[in-house]
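J.: Let me begin by handing over the structure; questions about it come next.
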Amino acid sequence: MSSGKFITFEGGECCGKSTQVKLLREALEKEGVEVVLTREPGGTWLSEQIRTLIKDQDEDAPCDRAELLLFLAARAQLVKNVIKPALARGAWVISDRFSDSTLAYQGYGRGLSLEVISIANDFACEGLKPDLTILLSVDPSVASSRMIGRTAATKVPEDRIERAGGEFHSRLRRGFAEIANAEPWRVVTVDANGTPEKVWEEVWTSLKRIR
Ligand code: TMP
């Protein structure tokens, strides 16, 4: 049985997860909590290799089913080697994306079976579920102007999934909303259209549920 807490951040592209993850880590550490920060796909050597294969591989890019299995392989490694041991010693784990992204992107977005994804995902993460999921909800117009700003500032082009198209991104937006409706005791939806400071206020308030 784990004694730590497991918090995940979810949302579409450019919803501001990374900023909120960092703010939460700082706030918890100030209170003396041991925090383990991770991201998906990633967080272990193997999972980071898989991240590169999934996001940046344009030649012989993974087909939809291969993409799903790669995400799950990355997750299995992360859960076993990082998340479960950290929870067992009482740390709080914050993950930038987790299982809900697979349901939203590969299920609602790519159109793979939600049932198959749920079963395979449970297998990959040995049934582990977050104690709290913060879904950052951002309007498509705000996300796309953030994306343009990011690309101009960093000169890093959009990756394979970010380029998937407007229809794909509206399907996954609907997917995230349905996931939140189905499990209101776990998922809190935060309006992420405002400034990082405004969003942070809501994120911090939502932590009351598990403290
Ligand atoms: P990000 O960490 O910059 O958000 O990049 C991760 C990308 O991978 C993002 O486009 C969402 C996508 N993704 C999936 O499609 N399925 C998944 O299960 C996960 C964890 C991420």
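The values are calculated or read from the model by the stated rules, or taken from the named source; none is laboratory data. Bear in mind that the values here come from a model prediction, so they are computed numbers and not experimental data. Reconstructed Cβ throughout: ideal geometry from the backbone, glycine too, with neighbour counts over all protein chains shown. Please note that ligands, DNA and RNA were not included when accessible areas were found on the heavy atoms of the full protein model with its side chains. Shrake-Rupley method; radii C 1.70, N 1.55, O 1.52, S 1.80 Å.
J.: Just the number please: accessible area per residue for the chain, 1.4 Å probe, all protein chains included, in Å².
T.: Numbers: 10670 Å² over 211 residues.
On a per-residue basis, the chain sits at 51 Å².
J.: Quantify, in whole percent, the carbon and sulfur part of the accessible surface of region 70-184 (1.4 Å probe; protein heavy atoms only). Numbers along the way, then the final one.
T.: Details: 3100 of 5270 Å².
With neighbouring chains kept in place, the figure for region 70-184 is 59 percent.
J.: Can you tell me, using C-alpha contacts under 8 Å and at least 6 residues apart, the relative contact order of region 25-92 as a whole percent?
T.: On the way: 55 pairs, mean separation 27.7, N = 68.
It rounds to 41 percent for region 25-92.
J.: Any idea what the relative contact order of region 5-209 is, in percent, if you count C-alpha pairs under 8 Å spaced at least 6 apart? Before the final figure, lay out each step's value.
T.: Numbers: 289 pairs, mean separation 67.1, N = 205.
After rounding, I find 33 percent.
J.: Mind telling me which of Val188, Val156, Val116 comes out most flexible in a GNM of the chain, alpha-carbon contacts under 10 Å?
T.: Of Val188, Val156, Val116, the most mobile in the Gaussian network model is Val156.
J.: Taking the dipole about the Cα centre of the chain, with the C-beta of Lys and Arg at +1 and of Asp and Glu at -1, give me whichever of Ser145, Ser95, Ala177 is farthest to the positive side.
T.: Ser95
J.: Evaluate the relative contact order of region 35-139 (contact order divided by residue number), counting alpha-carbon pairs under 8 angstrom at least 6 apart; express in whole percent. If you can, show how the numbers build up before the last one.
T.: Values: 100 pairs, mean separation 33.9, N = 105.
Normalised by residue count, the contact order of region 35-139 is 32 percent.
J.: Where in the chain is the longest stretch that carries no GluC sites (Glu not before Pro) classed as loop by DSSP and with at most 14 other Cβ atoms within 10 Å?
T.: So the longest stretch without any such site is 60-125.
J.: Identify which of Lys129, Lys198, Lys17 has the largest mean-square fluctuation in a Gaussian network model of the chain, with springs joining Cα atoms closer than 10 Å.
T.: Fluctuation is largest for Lys198.
J.: Can you list which of the DSSP-assigned H helices in the chain have a Cα extent of 18 Å or more along the long axis and an average Kyte-Doolittle score of at least -0.5?
T.: 64-78, 140-154
J.: Moving on. Using only helices, what value at 222 nm comes out for the chain when you add -39,500 (n - 2.57) per DSSP H run of length 4 or more and divide by the total residues, to the nearest 500 deg cm²/dmol?
T.: So the helix-based figure for the chain works out to -15000 deg cm²/dmol.
J.: Something else about it: Nearest 20 debye, what's the magnitude of the dipole of the chain about its Cα centre given +1 on Lys and Arg Cβ and -1 on Asp and Glu Cβ?
T.: Details: 29 positive and 31 negative charges, 92 e Å.
I would put it at about 440 debye.
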